[in-house]
Amino acid sequence: MTLPTSPEATGPVSLSRQIHTRLRELIMRGRYPQGHKLVELRIAEDLGVSRVPLREAVPMLEMEGFVVTAARRGAVVTTWTEQLVNDLFDLREVLEVGAAGHAARAVARGSSAAALERALQHAQAVVEEGDAYRIAEASTRFHETVVELTGNALMQASMRSVSGRVQWLFHLTSELDVHDAFHDHVELTAAITRGDVRMAEALAFAHIERDREPSLAVLQHRSLGSSPVA
């Protein structure tokens, strides 16, 4: 398995970023499952890369919550726990509900919602294709776009720090009805586009909270861990 070539891949930083992106996808897709120890030599052989850029990629994954490192164990794929799931939902409610209101306010003041409409259209096309990974990716991109529409750099940075975990959880719970989620996105886009702050906040909250218990149920069915990997 080799990494795709890129015109930007001219140095160790760009290569380590490509490795990081590829490892993220492989973790989400289950090639390296929760609790799996990432053996450096084996991963390097799998990806057809040297071990130096791989070592640079692992800390990026750790910052995003995909792996944890421990003395004598090295890097291990994070195990989702009930606490981790609830923590993510709690953060999303604080961040994304507020962002939905700020995005609607920004549109009411004259900002364009075109990027959000494009993200919605892309999500619809991907849903019709049926690839669970791409659906999770497109859904996450929609949520990122809502936050970007606020124009608030701190909100945007906060969303970027957790969007990988959001996508991972979306993929793990892909058996939930994606059409219900897409319908929520349609309604949220409409509220933001017309500048309806309170409705945007209410829809964002309902959309996020509705999936909390079903997501926990899906993960518990898949033997949700009792504690994070250490």
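The values are calculated or read from the model by the stated rules, or taken from the named source; none is laboratory data. The structure presented is a predicted model; accordingly, all values stated were derived computationally and were not measured. A quick note on method: Cβ atoms are made from the backbone with ideal geometry, for glycine too, and the neighbour counts reach across all protein chains shown. What goes into the accessible areas is simple: the full protein's heavy atoms, side chains included, and nothing from ligands, DNA or RNA. Shrake-Rupley method; radii C 1.70, N 1.55, O 1.52, S 1.80 Å.
Using a 1.4 Å probe on the protein chains only, how many percent of the accessible area of the chain belongs to carbon and sulfur?
Here it works out to 54 percent.
Counting each DSSP H run of 4 or more residues in the chain as -39500 (n - 2.57), what helix-only mean residue ellipticity at 222 nm follows after dividing by all residues, to the nearest 500 deg cm²/dmol?
Roughly -23000 deg cm²/dmol at 222 nm, from the helical runs in the chain.
Using Cα pairs under 8 angstrom and six or more residues apart, how large is the relative contact order of the chain, in percent? Each step should come with its number before you reach the end.
Details: 281 pairs, mean separation 60.4, N = 230.
Value for the chain: 26 percent.
Of all the stretches in the chain, which is the longest one without any exposed loop site, taking trypsin sites (Lys or Arg not before Pro) in a DSSP loop (any state but H, G, I, E, B) with at most 14 other Cβ atoms within 10 Å?
Formally, the longest exposed-site-free interval is 110-193.
If Lys and Arg each add +1 and Asp and Glu each add -1, what is the summed charge of the other residues whose beta carbon sits under 15 Å from the beta carbon of VAL39? Don't jump to the answer; show the numbers that get you there.
Working: positive: ARG31, LYS37, ARG42, ARG51, ARG55, ARG72, ARG73; negative: GLU40, GLU45, ASP46.
Result for the neighbourhood of VAL39: +4.
Quick check: from the Cα gyration tensor, does segment 90-168 come out rounded (a/c under 1.5), prolate or oblate?
Oblate, since a/c reaches 1.5 and b/c is not below a/b.
Just to confirm, what accessible area per residue do you get for segment 79-230 at 1.4 Å probe, in whole Å²?
Averaged over the residues of segment 79-230, the accessible area is 48 Å².
So what is the relative contact order for segment 123-173, in percent, with contacts set as C-alpha pairs under 8 Å and at least six apart?
39 percent.
Ordering SER112, SER139, SER161 by how much accessible area each has at a 1.4 Å probe, largest first, what is the list?
Order by accessible area, largest first: SER112, SER161, SER139.
Shape verdict for segment 77-230, please, from the Cα gyration tensor: rounded (a/c under 1.5), prolate (a/b greater than b/c) or oblate.
It is prolate, given that a/c is not under 1.5 and a/b is the larger ratio.
Considering only C-alpha atoms, what is the centroid distance from segment 90-111 to segment 133-159, in Å?
Their Cα centres are 11 Å away from one another.
Not counting the cut sites, what is the longest span of the chain without GluC sites (Glu not before Pro) that DSSP labels loop and that have at most 16 other Cβ atoms within 10 Å?
On the way: sites that count: GLU8, GLU175.
The answer is 9-174.
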